[in-house]
Amino acid sequence: MARDPQFVMRYMEELEQLAEDVLSDKQQIVDLDKKRNSNREALAALHKKITAPASSQNKTWLNFGGVFLKLPKKSAISMLQSDQAELDKEISQLRDNLHNKVNKLRDAQGESDLLGYGLHPLSKAELNRVIH
C-alpha cells in the first residue's frame with residue numbers, strides 16, 4: 001500500500017509542529033519555575049533581613065531586568081510577591097494548555113488520550129461537602 005509522498009510530508013510536518021509546541025511549553029514552564037524559585041529565595045532573604053535585630057537599613061538592592069534598583073524593603077517585598085503571583089498564574093495557564101496540546105499530539109499519532117491527566121483537586125467547598 002503506497003502512500004502519497006505529499007500526504008506523508010504534511011503529516012510529518014504536523015506531528016513535528018505539535019511536538020515542538022509541547023516541548024516549547026515545557027521549556028517555558030521550566031524557565032518560569034526557575035524564576036519563581038529565585039523570587040522565593042529573594043523573598044525569604046528579605047524577610048530574614050526585616051526580622052533581624054541589626055536591620056538598620058530600610059532599603060535594599062534589587063535586580064530587575066539587568067537594572068539594579070535601591071528600594072525600600074517593604075516595596076521590594078510587595079513587588080516580588082506580585083511578580084510571584086503573576087508567575088504562578090502563567091505557569092498554571094501553561095500547564096492547563098499543555099494537557100490539550102499533548103492530547104492533540106497523541107490524537108495525531110493515533111494514540112488514545114492519557115487517562116487521569118486532566119485531574120483537578122477538590123476546592124475547599126467541595127471538600128467540606130464531602131467531609132460533612
*What percent do you get for the relative contact order of the chain when only Cα pairs under 8 Å and 6+ apart count?*
28 percent
_Whole-Hz ³J(HN,Hα) from phi, Karplus 6.51 cos²θ - 1.76 cosθ + 1.60, for the range 26-36, glycine and proline x_ = 4, 5, 5, 4, 4, 5, 5, 5, 4, 5, 4
_Run the simple label-point estimate for S24 and S82 please: 7 Å along Cα→C-beta, distance reported in nm._
3.0 nm
*Of the listed pairs K49/K124; K26/K48; K73/K101; K34/K70; K26/K59, which have alpha-carbon separations greater than 30 Å here?*
K49/K124; K26/K48; K73/K101; K26/K59
*Amide H to amide H, which residues 5 or more places from T60 or on other chains are under 5 Å from it, using H placed in the peptide plane?*
L71, K73
*asked:* Can you compute the FRET efficiency between L71 and D31 using 1/(1 + (r/R0)^6), with r the Cβ-Cβ distance and R0 = 30 Å? Round to the nearest 0.05.
replied: 0.75
*What list of ³J(HN,Hα) values in whole Hz, one per residue of the range 78-92 in order, does the Karplus curve 6.51 cos²θ - 1.76 cosθ + 1.60 (θ = phi - 60°) give from phi, with Gly and Pro shown as x?*
4, 5, 5, 5, 5, 5, 4, 5, 5, 5, 4, 5, 5, 5, 4
*Listed values (1) 1.20; (2) 1.05; (3) 1.13, entry calculated as Rg/Rh (Cα atoms, Kirkwood Rh)*: (1)
*Residues of the range 92-113 with amide nitrogen under 11 Å from the 7 Å Cα-to-Cβ point of M9?*
none
*asked:* Using 0.36 nm times the number of residues separating H120 and H99, minus their current alpha carbon distance, what extension gain do you get?
replied: 6.4 nm
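For the chain, with all protein chains present and a 1.4 Å probe, just round the carbon and sulfur fraction of the accessible area to a whole percent. Could you put the intermediate results ahead of the total?
Numbers: 5670 of 10240 Å².
In the chain, the share of accessible area belonging to carbon and sulfur is 55 percent.
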*What GluC sites (Glu not before Pro) in the range 83-112 are in a loop by DSSP, with at most 10 other Cβ atoms within 10 Å of the Cβ?*
E111
*For the residue pair S112 and K89, what label-to-label distance in nm results when each label sits 7 Å from Cα along the Cα-to-beta-carbon direction?*
3.8 nm
*Using a 1.4 angstrom probe, figure out how much accessible area the chain has per residue, in square angstrom, rounded to the nearest whole.*
78 Å²
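The values are calculated or read from the model by the stated rules, or taken from the named source; none is laboratory data. Quantities reported herein were computed from a predicted structural model and do not represent experimental measurements. Ideal geometry is used to build each Cβ from the backbone, glycine not excepted, and the neighbour counts take in all protein chains shown. Side chains are part of the model used for accessible areas, which takes the heavy atoms of the whole protein and leaves out ligands, DNA and RNA. Shrake-Rupley method; radii C 1.70, N 1.55, O 1.52, S 1.80 Å.
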